[in-house]
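**Q** Take a look at this one; I'll ask things after.
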Amino acid sequence: MQKKAENRKLGRLSCLVIFILLPLLALVIFVVMGAVLVIADPLEKADAIVVLSGGEEVRLQEAISLYQEEYAETIILTETGAKVEGYNARDGVEYNYFTTLEGIIEKDNPQIYDYRVPERMKELFARKDYGRYAQPNGTMPVCFTASNHTTGGNSGSPVIDANGYLIGINFDRCWEGTMSDIMFDPEKCRNIALDMRYMLFVIDKFAQAGYLLNEMKIIE
């Protein structure tokens, strides 16, 4: 009788040991198999570093590190979550998120080629002849800023809104954001894009090439 009790006790102990050891053994097997099956190829240089959305800033930081180590010359963000917004440049200096044709006219300087405003543009401005491209308050938008992280070579890239519509063409960065390749500051780094309304205005009213608009689908 005593021997049977001892056998039952030994059997329960054996089951307990097996119950504990089996998961540990399975874990060891999976780790060994993972080490055998997964091969970590050495990094090679590529045309671009693609950053998938999500992962907070970890993926972006890793991409920046690889970029700085010259593994690729371009970083592609699959989804930025950026917003059209202005920024505070420094104490007491805040920039709006858009510019208008009024600013171009104010900077007109016939002595400097880049600031020489064509006569036809001055005439359109004087008459406020902006067609259907003006803002509701009657001003003509030219550019806007957004919190996209851009770099050299991104000029000409499309700026797409949440609905997939083309709303601008990226071409520059704000002065305070030119260091973004080395140190990205989300409070100050802004990309500058040409507003599509101004582009359409220039094609239609300024260049009088409205026939080109027949090849486009314009969403208003």
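The values are calculated or read from the model by the stated rules, or taken from the named source; none is laboratory data. Note that the coordinates shown come from a computational prediction; the quantities given were computed from them, not determined experimentally. All Cβ positions, even for glycine, are placed from backbone atoms using ideal geometry, and neighbour counts span all protein chains on display.
**Q** Residues that are closer than 24 Å to residue 90 by Cβ, assigned by TED's automatic domain parsing to the domain that holds residue 95 and in a helix (DSSP H, G or I): does segment 177-195 have at least one?
**A** Among the residues of segment 177-195, at least one is closer than 24 Å to residue 90 by Cβ, assigned by TED's automatic domain parsing to the domain that holds residue 95 and in a helix (DSSP H, G or I), which makes the answer yes.
**Q** Any chance segment 179-189 includes a residue that's in contact with a helix residue (DSSP H, G or I) (Cβ under 6 Å, 6 or more places away or on another chain) and hydroxyl-bearing (Ser, Thr, Tyr)? Lay out the reasoning, then the answer.
**A** Let us first name the residues in segment 179-189 that are in contact with a helix residue (DSSP H, G or I) (Cβ under 6 Å, 6 or more places away or on another chain), namely 188-189.
Among the residues that remain, those that are also hydroxyl-bearing (Ser, Thr, Tyr) are: none.
There is no residue in segment 179-189 that is in contact with a helix residue (DSSP H, G or I) (Cβ under 6 Å, 6 or more places away or on another chain) and hydroxyl-bearing (Ser, Thr, Tyr).
**Q** Pairs needed: first member in segment 112-138, closer than 21 Å to residue 213 by Cα; second member anywhere, of a type in the set (A, V, I, L, M) and part of a helix (DSSP H, G or I); C-beta distance under 6 Å; at least 6 residues apart or different chains.
**A** 133/200
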